[in-house]
2 protein chains.
Amino acid sequence: MKRRITPRRSGSVTAEPRRPAAAIGKTTRAEQLRRQLADEILRRGLPPGASLDETEIATRFNVSRTPVREALRQLAASGLVESRPHRGAVVAQPSFERLTGMFEAMAELEAMCAGFAAERMSPLERRDLEAIHEELRMLSHDGNPERFHDVNERFHNAIYAGSHNDYIADLALATRVRVQPFRRAQFRNLGRLATSHAEHDRVVVAIMRGDRAGAALAMRRHIELVRNEYEIYAVSI
Amino acid sequence: MKRRITPRRSGSVTAEPRRPAAAIGKTTRAEQLRRQLADEILRRGLPPGASLDETEIATRFNVSRTPVREALRQLAASGLVESRPHRGAVVAQPSFERLTGMFEAMAELEAMCAGFAAERMSPLERRDLEAIHEELRMLSHDGNPERFHDVNERFHNAIYAGSHNDYIADLALATRVRVQPFRRAQFRNLGRLATSHAEHDRVVVAIMRGDRAGAALAMRRHIELVRNEYEIYAVSI
DNA sequence: CGACGGCGCATTGTATGCAATTCGCGCCAG
DNA sequence: CTGGCGCGAATTGCATACAATGCGCCGTCG
């Protein structure tokens, strides 16, 4: 298979000086590829099980196989991709049991963060959390699922940060990312938006009270409800 | 710097046919390197902060830079190594705050595993756990720190497995590995061995009773005591 | 005497060619 | 007709050459 269209190396007096826009990627090609591929996986442009041919990807992005390989290896290490020696890489497709385990882990990790946040959040952080929560309340009325989803992520991220434990926050975020391809778009209907907000409310109230156990419990229940939604989805595949 | 001593590629009628012993590594070179480097880091042959020069490592292991780079990237993804673009890689040297966070996370993750194990372990798994526990009891009397350390790892691994949640088990194990370079050899004195066994005993009793909260609590306390030992060590650096 | 800028060196990032392994496919034997 | 075996094509793994970036050193200027 031909490797590329424009020979970019020597000469190359094309309109494309060397890199299309030097400002686009301020890091290495491998890093850009990693982000791009991760993004496509999370947006389900690359569904679970899709094969990731090194040469094909290299051609598609107009780079050599080397940075593609690095990107794939890093994605494999982060769990979004599964790779077996000499047999190529595919978008990760965990078994049902493992996916269930990941949701359970997410529930526990988020509960852990919420519990720590209840004890450790600064007054400023608490105000910020309440602000995000209020924003979600309004969005749940307006019924803008797209924006709700974004602000919902900010809500959970604020709680991760409030745990004042970056390592646990990293674990929680990584787990959230890994299950992302398997969560269906949940915020289609206003009902789910309102329900989600009500669940959040219990979490926020507990955090504001400094009630560690209550915050953890409320968050665990919230995530477990999310998981239930997922199971319906999984069955309907 | 010269890349290698024997040009291995063409000709190479040396005593070393191609790979020293084909049976040694049944996987790729990058994977072998990853294991070898991880092992050296965990055994503190490569202490935190040590720089990992690609060319130097390639020369040392008599391979090209390509698999070295892959190994380093994977180690970076697993957290044992920190790497910045164009600036090389070093053995990870987390800040004191982050290390504290990692210990806290380990306590919570192990407690989580112990709690699930109390509810989910099969009768066979329980018997195996008790057997390991008994082995540790004898070793704590004999006072063989080396073997005690190995069996201690088997003890904790048995509890990870007993959680019946591979994902959480992976997180717990990964965290344990990442703090490994910062734990001092704790089992020098018999006192610590006996204390550790006593703490384990509470965990085992709770698990046998199916007491989830009790098992989690006992394990959390056990790990926190380990952490205290660490803090003394950290200060004494 | 100190600070700033340019230049050379060392090191990492990328491209490309070759080697090795895997898997499909056809062929032959039972 | 079926099952096993060997061969070839395709794909990944590794080596090497080249490019680009960051860093330190030195000289010059304020």
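The values are calculated or read from the model by the stated rules, or taken from the named source; none is laboratory data. Nothing here was measured: the structure is a model prediction, and the numbers come from that model. Cβ placement follows ideal geometry from the backbone for every residue including glycine, while neighbour counts extend to all protein chains displayed. These accessible areas exclude ligands, DNA and RNA; they are computed on the full protein's heavy atoms, side chains included. Shrake-Rupley method; radii C 1.70, N 1.55, O 1.52, S 1.80 Å.
Condition (residue is open to solvent by less than 60 Å² (accessible area, probe 1.4 Å) and assigned to a loop (DSSP other than H, G, I, E, B)) applied to region B:98-105: is it met by at least one residue? Step through it out loud before you land on a result.
Taking region B:98-105 and keeping what is open to solvent by less than 60 Å² (accessible area, probe 1.4 Å), we get B:99-105.
Narrowing further to those that are assigned to a loop (DSSP other than H, G, I, E, B): none.
No, because not a single residue in region B:98-105 is open to solvent by less than 60 Å² (accessible area, probe 1.4 Å) and assigned to a loop (DSSP other than H, G, I, E, B).
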**Message:** Return the residues of region B:50-65 that are near DNA strand D (Cβ under 10 Å from one of its atoms) and not in a loop (DSSP other than H, G, I, E, B); say none if nothing qualifies.
**Reply:** B:Glu54, B:Thr55, B:Ala58, B:Phe61, B:Arg65
**Item:** Top-ranked residue in region A:71-106 [being farther than 20 Å from A:Arg183 by Cβ, in contact (Cβ under 8 Å) with a residue 12 or more places away in the chain and within 16 Å of the chain's Cα centre (by Cα); ranked as nearest to the other protein chains (Cβ to nearest Cβ)]
**Value:** A:Gln74
**Request:** Only residues in region A:53-68 that are within 15 Å of A:Ala89 (Cα to Cα) and within 12 Å of chain B (Cβ to nearest Cβ) count as the first member; pair them with residues that are in a helix (DSSP H, G or I) and more than 6 Å from DNA strand D (Cβ to nearest atom), Cβ under 6 angstrom, at least 6 apart or cross-chain, and list the lot.
**Result:** A:Arg65/A:Ala58; A:Pro67/A:Arg29; A:Pro67/A:Ala30; A:Pro67/A:Leu33
**Residue ranges of helices (runs of 4 or more DSSP H) in region B:107-201 with at least 2 members more than 14 Å from every other protein chain (Cβ to nearest Cβ)** = B:123-142, B:145-162
**Fill in**
Of (1) exposed (fewer than 15 other Cβ atoms within 10 Å of the Cβ); (2) more than 14 Å from DNA strand D (Cβ to nearest atom); (3) among the small types (Gly, Ala, Ser); (4) on the phi > 0 side of the Ramachandran plot, B:Gly79 fails just (1)
**Message:** Let me spell it out: the conditions are (1) at pLDDT below 95; (2) open to solvent by less than 20 Å² (accessible area, probe 1.4 Å); (3) farther than 30 Å from B:Val179 by Cα, and A:Ile223 meets all of them except one. Which number is the exception?
**Reply:** (3)
**Request:** Could you please give the count of residues in region B:115-158 that are modelled with pLDDT under 95, open to solvent by less than 20 Å² (accessible area, probe 1.4 Å) and among the aliphatic types (A, V, I, L, M)?
**Result:** 3
